[in-house]
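Down below is the structure, laid out as structure tokens.
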């Protein structure tokens, strides 16, 4: 049987994964969710036809979005994860004993249910007693929050789909307000390679750069992302991702990782020239 | 309304039948199902251009409907509780003008509120009727024009018993409704027709919790912007008639200015939208109502903004309020509505309907989702945090009573001269001056220019309103009658 899942990365580029079988398909108020079993990527989940994560490469993403800020901020007690309904980010956070509270805000109950059923290794992150799961809209949850969090992780991936509200100036503004004076926000920054994605990537940097005194971008290799190349944003009120990075302290924790290392932390902020250029262009437009 | 009958869409079904027949076109349009214009096909899609066809026997003709268009219009009439409905392809402007041209001949008088849409005054230029303006009350706090008060209509009727019609905006852009039933009763007692510009009220006929619609209130004619809350394509509209209006005469009037090549894209969109409204309108507008109410609560809880609703109702100038409208007074955070409008677009990628001196209006419709409402509320909160200023005493959008010195038609066709605006007080204006949004005339052809009006125009211009109408777009000079 020749059964393939395909996702258009641009009008002219298609990524296809051979599928063993489809495990789930369902429609929520927010998105269509499908789960497939594949030989190459193991199980993977899609939202409205776009891959959100796969068993084979989800570690990259969850580690990079958690360990980078955690190795910089010296004292994280309270964390807000927006859109982390699969539990992967909460799982990585749960390895840090000094964290006292983790609020996970996910609007889509079906998404959580599907992840619990098909991705138990991610979803176990939500079982940690410090995690409080809120089925709310991210922007709505942030409204009225003031000076509450040390770290906010925006785990939403799609600046064009139903989570578009989490890639906006009002979102960055709300996060700024909800963070303590030394707070950090990290977020999905998309992929800069294809022309179609470049504008969204530029706009994100422009908005974050305007909203936070420190705004840097770092990278990772994630095979199921468009062009396999993915960026993250690091926006911060006080700590610089490299100057305030404490590698020794992080290594002493003895956490087991598959992607993140303290050397990679430094390297992830060293960007290709074309990416540096497009980010700088946006900074000058401010 | 017979729901079983409402499930059909005669124009749409005729187009489907026509498509399957694969008729070879040796008629207009010349793009021939798009083959002659591949770039257009790429932009609009094959399906869309293939529906752009000419009037012909199986598809009826809008100029004189006898089959599918007639059936579709009949269904629309039933859905809206009217005796007759006309599909309009020249926007609600054409529906408004058809109403005025039906009710007024040269030299007739028509009673209308000053805050009419320019299309109504343009109709007076066409037919030579004379406007009798009823001053709308202006809310002292939020600075918007309100509805028509019965006492004012009564007075206008007493002073001008020969007037042939009363024209009402209902609801206004902001959602303000007049006491339509009483206006109809009063006008009919004096043998006058009631014409309702219901451009912002397509939905009123489909939800019992909303203000009364023109047809239900017994008005004679109503212009309905199906493309606003009804979901049809831009430029498509409906003209509704109650009993006792001469349909033959209305048809003649419509055909004076209507195209003889009506677009089937527009006609089919009217047909399908009418079906949607009839079958699912109640449910959709319930959702819209809830979203608007939710947004109002959330915006009011930010503090500094005033999202108004039913609380404004006062039994006269605000007889009722259309709760699907989301208007917000912004001046208490020190920003004009125009400034908030610009910030939303430039900084937050949110396009709202308009901003005036004191208010913004966000249009909520069946196409909205709750997450978009959260964005709007989030953006307003962020604007307050980042851009709010000390509250200053700003110029309010005050209503200035016009002095009609000549009919719009006479002024429009008179010889005029262009002179510096500061020198125009005391002269008769020869053109429109409108502040967009919301498009209510500050000056119409035939009106006396005063110092107060000139001050207002210059202030609105400085505040960034788009000033439209005058020949000199910079508004340094104005056309006045010689």
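If I stretch the segment between residue B:39 and residue B:313 completely, what's the gain in nm (0.36 nm per residue apart, minus their alpha carbon distance), one decimal?
93.4 nm
Over the whole of A:169-179, what's the average partner chain Cβ count within 10 Å per residue? Rounded to a whole number, please.
Numbers: counts 11, 17, 6, 1, 9, 5, 0, 3, 4, 0, 0.
That works out to 5 on average.
By count of other Cβ within 10 Å, fewest leading, how are A:150, A:128 ordered?
A:128, A:150
Take B:18, A:141 and order them by how many other Cβ atoms sit within 10 Å, fewest up front.
Final ranking by Cβ density, sparse to dense: B:18, A:141.
Label residue B:476 and residue A:264 with points 7 Å out from Cα along Cα→Cβ: what is the distance between them in nm?
Computed distance between label sites residue B:476 and residue A:264 equals 6.5 nm.
Pulled fully out, how much extra length does the chain show between residue B:301 and residue B:181, if you take 0.36 nm times their separation in residues and subtract their Cα-Cα distance? Write out the running numbers ahead of the final one.
Details: separation 120, 0.36 × 120 = 43.20 nm, distance 3.54 nm.
Between residue B:301 and residue B:181, full extension yields an extra 39.7 nm.
When the helices in chain B are scored as -39500 (n - 2.57) per DSSP H run of 4 or longer and the sum is shared across all residues, what 222 nm value do you end up with, to the nearest 500 deg cm²/dmol?
Dividing the helical sum by the residues of chain B leaves -12000 deg cm²/dmol.
What nm distance separates the two modelled labels at residue B:2 and residue A:40, each placed 7 Å from Cα along Cα→Cβ?
Placing both labels 7 Å along Cα→Cβ, they lie 5.9 nm apart.
So what's chain B giving for Cα Rg divided by 2.2 N^0.38 Å, two decimals?
It is 1.00.
Please give the Cα centre distance for segment B:264-343 versus segment B:181-230, rounded to the nearest Å.
18
To the nearest 0.05, how large is the calculated FRET efficiency for residue B:26 and residue B:413 if R₀ is 45 Å and r is the Cβ-Cβ distance?
0.55
Counting only DSSP beta bridges with both residues in chain B, tell me the antiparallel percent, nearest 5.
Beta bridges within chain B, antiparallel portion: roughly 70 percent.
Quick check on chain A: helices-only [θ] at 222 nm, where DSSP H runs of length 4 and up contribute -39,500 (n - 2.57) each and the sum goes over total residues. Nearest 500, please.
-9000 deg cm²/dmol
Quick one: compute the contact order of segment B:115-263, relative version, from alpha carbon pairs under 8 angstrom and 6+ residues apart, as a percent.
It comes to 14 percent, rounded to a whole number.
Could you tell me the relative contact order of segment B:281-387? Use alpha-carbon pairs under 8 Å, at least six residues apart, and round to a whole percent.
Worked out over segment B:281-387, it gives 27 percent.
Order of B:357-369, B:30-42, B:47-59, B:262-274 by packing, highest average Cβ count within 10 Å first?
The most tightly packed comes first, giving B:262-274, B:357-369, B:47-59, B:30-42.
Using a 10 Å cut-off on Cβ to Cβ distances, tally the other chain neighbours for every residue of B:368-380 and report the average as a whole number. Mind showing how you got there, number by number?
Values: counts 0, 4, 5, 12, 3, 4, 13, 8, 3, 5, 14, 8, 1.
Across the residues of B:368-380, the mean count of other-chain Cβ atoms within 10 Å is 6.
Report the extension gain between residue B:332 and residue B:56 in nm, rounded to one decimal, defined as 0.36 nm multiplied by the number of residues separating them, less their alpha carbon distance. Could you put the intermediate results ahead of the total?
Details: separation 276, 0.36 × 276 = 99.36 nm, distance 5.81 nm.
Between residue B:332 and residue B:56, full extension yields 93.6 nm more.
What is the order of B:160, B:203, A:9, fewest Cβ neighbours within 10 Å to most?
The order, fewest Cβ neighbours first, is B:160, A:9, B:203.
Please give, to one decimal in nm, the separation of the simple spin-label points placed at residue A:227 and residue A:3, each 7 Å out from Cα toward the Cβ.
With each label point 7 Å from Cα toward Cβ, the separation is 3.3 nm.
Kindly identify the protein assembly as shown as rounded, prolate or oblate by the Cα gyration tensor criterion: order the square roots of the eigenvalues as a ≥ b ≥ c, call it rounded if a/c is under 1.5, otherwise compare a/b with b/c, prolate if a/b is larger, else oblate.
Prolate, since a/c reaches 1.5 and a/b exceeds b/c.
Mind checking the alpha-carbon convex hull of segment B:408-481 and giving the volume per residue in Å³?
In segment B:408-481, the Cα convex hull volume per residue is 71 Å³.
With a cut-off of 8 Å between alpha carbons and a minimum separation of six or more residues, what is the relative contact order of chain A in percent?
Working: 567 pairs, mean separation 44.6, N = 286.
In percent, rounded to a whole number, it is 16.
Laboratory data are not the source of any read-out in this text; all were calculated from the coordinates shown. Computed from a predicted structure; not experimentally measured. Reconstructed Cβ throughout: ideal geometry from the backbone, glycine too, with neighbour counts over all protein chains shown.
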